[in-house]
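Beneath this line is the structure, given in C-alpha cells, with notes to follow.
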Amino acid sequence: MRPSRSFASDNNAGVHPGVLKFIAAVNQGHAVGYGDDAYTDRAVRQFKRHFGKDIEVFFVFNGTGANALGLRALTNSYHAIICAQAAHIYVDECGAPEKFTGCKLLPVRTENGKLTVEAVRAAYHGIGDQHHVQPRVISITQASEVGTVYRPEEIRSLAQFAHQHGMFLHADGARIANAAASLKQNLRAATSDLGIDVLSFGATKNGGLGADAVVFFDARLAADFRFYRKQGMQLASKMRFLSAQFAALFEGDLWLRNAQHANRMARLLEGKLRRNPNIKIVYPVEANGVFAQIPASAIAKLQKRYFFYLWDDEQSVVRWMCSWDTSEQDVEQFVNFVNQIVRA
Ligand SMILES: Cc1ncc(COP(=O)(O)O)c(C=O)c1O
C-alpha cells in the first residue's frame with residue numbers, strides 16, 4: 001500500500017491545523033474585499049513585527065507570482081536578472097519572470113546551489129553598452145533549490161556587490177523559514193539586516209494553504225506594486241483568507257516550529273541514509289531537503305510506492321523533501337523501504 005505521506009515535496013503536505021483554524025475563524029460575516037479588512041491589517045502588523053516597521057508587504061496566491069511581480073517592481077525590460085542555473089525563477093516558472101519583467105535572465109553555474117560574488121561578477125558586463133541587457137537584480141533562493149543555506153556573510157557580500165553596482169538583491173524565500181530556522185536567526189536578521197531589498201516570503205511550504213507575500217524593505221520600491229499585482233492577477237478579492245494564513249503562522253511562532261521540525265526530519269533522514277554505502281548524499285543537508293545519488297535501477301522501484309522527483313537524470317540524483325508533518329515513523333518506514341531496494 002502507498003503510504004499517505006511522501007517525500008516528494010513540502011507542498012505535497014497538507015495544511016497545518018492551526019492555519020485551518022485561523023481560516024475558519026475569519027470566516028465570519030462579511031469583510032471588505034481586496035485587503036481593506038481588519039484581518040489583513042493584523043497580518044500586515046505581524047509582518048512589521050517580524051521584519052521591521054518600515055516595510056511594505058503585499059499578499060499573493062503563490063511563489064511564482066511573488067517572484068515574477070517582485071522582480072517586475074525592480075526592473076525595466078532592458079534589464080537582466082542574475083540567478084543560479086537551478087533557480088526556480090529560471091527553471092520552474094514557465095518563463096513567468098521573463099513574461100512579466102521582459103528581462104533576460106542570466107543563469108550562473110553554482111556549487112551547492114549558491115551564487116557567489118565571483119560568479120556574479122563574471123556575469124556583470126556590458127554596462128552602459130546599448131547592445132547589451134543591463135544587470136539590475138541578483139536573485140538568490142534561500143534556502144536554495146538544493147537544500148543548502150546561504151551563510152549571513154555570503155548574503156551580505158552579494159548585497160554589497162549589488163548595491164555598489166547599482167543593482168538590487170532579490171530573495172526567493174519559498175523556504176526562508178527553513179533557512180532562518182537552520183541559521184537560528186529571526187526573520188529580520190535573515191533578510192533585511194543582510195541587505196536583501198525584496199523578499200518572496202513563502203507560507204505554502206511552511207504549513208499554509210496557499211499564500212505568499214512580497215516584502216519590500218525599502219518602501220519606495222513598492223510604489224507601483226499594487227498595480228503590478230492586479231495586472232498580474234494576483235490580487236485576491238477575498239484577501240482575508242490569505243491574510244489568515246500568515247497570522248496563523250506568525251502567532252506563537254508556528255512558522256518557526258514548522259520549519260525547525262521539517263529541518264530536523266531531513267537531518268534524521270540524511271543520517272539514516274548515510275548508513276547505506278550505495279547511497280551518496282550530494283549536497284549538505286542544511287534545510288528540509290535531502291539530495292541523494294542512488295543506483296538508477298532503484299528509482300522506478302522506489303517510485304512505485306513513494307512518488308518523488310528525479311533531480312538529475314544523468315547523475316541519478318533524487319530529491320527527498322521533509323515537511324511540517326513528516327513524522328519520525330515516516331522517515332523510518334521510508335528508509336526501511338529504500339534499504340530493501342538499494343541493498344547495502
Ligand atoms: C524555490 C522555489 N521558489 C518558488 C516556489 C513557488 O512556486 P509556486 O508558484 O508553485 O507556489 C517553489 C515551489 O516549488 C520553490 O521551490
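All of the numbers you see were taken from the coordinates with simple rules; none came from a lab. Nothing here was measured: the structure is a model prediction, and the numbers come from that model. Don't worry about glycine lacking a Cβ; one is built from the backbone with ideal geometry, like all the others, and counts go over all protein chains shown.
Quick look at the values:
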quantity	calculated
Residue 132/residue 280 FRET efficiency (R0 41 Å; Cβ-Cβ; nearest 0.05)	0.50
Cα gyration tensor, segment 89-178 - rounded (a/c under 1.5), prolate or oblate	oblate
Calculated FRET value between residue 189 and residue 12, using beta carbons and R₀ = 25 Å, to 0.05	0.25
Listed residue (306, 105, 78) projecting farthest to the positive dipole end of the chain, Cβ model	306
Label-to-label distance, nm, for residues given as residue 157 and residue 28 (7 Å Cα→Cβ offset)	5.2
Reachable lysines from residue 104, criterion Cα separation under 24 angstrom, eight or more residues apart if same chain	114, 230
Förster-model FRET efficiency, 35 Å R0, residue 336 and residue 85, C-beta, rounded to 0.05	0.50
Cα gyration tensor shape of the chain, rounded if a/c is under 1.5, else prolate or oblate by comparing a/b with b/c	oblate
Size of charge dipole - the chain - debye, nearest 20, with Cβ of Lys, Arg +1 and Asp, Glu -1, no other charges	680
Mean ellipticity per residue at 222 nm, deg cm²/dmol - from DSSP H runs of n ≥ 4 across the chain, formula -39500 (n - 2.57)	-11500 deg cm²/dmol
Under 16 Å from the Cα of residue 205 - lysines, other chains or at least 8 residues apart	none
GNM flexibility winner over the chain from 231, 134, 28 (Cα, springs under 10 Å)	28
Separation in nanometres of the label points that stand 7 Å from Cα toward Cβ, at residue 125 and residue 53	4.8
Environment charge at residue 228 (Cβ cut-off 14 Å; Lys +1, Arg +1, Asp -1, Glu -1)	+3
Cα shape, segment 254-341, gyration tensor, a/c 1.5 rule	prolate
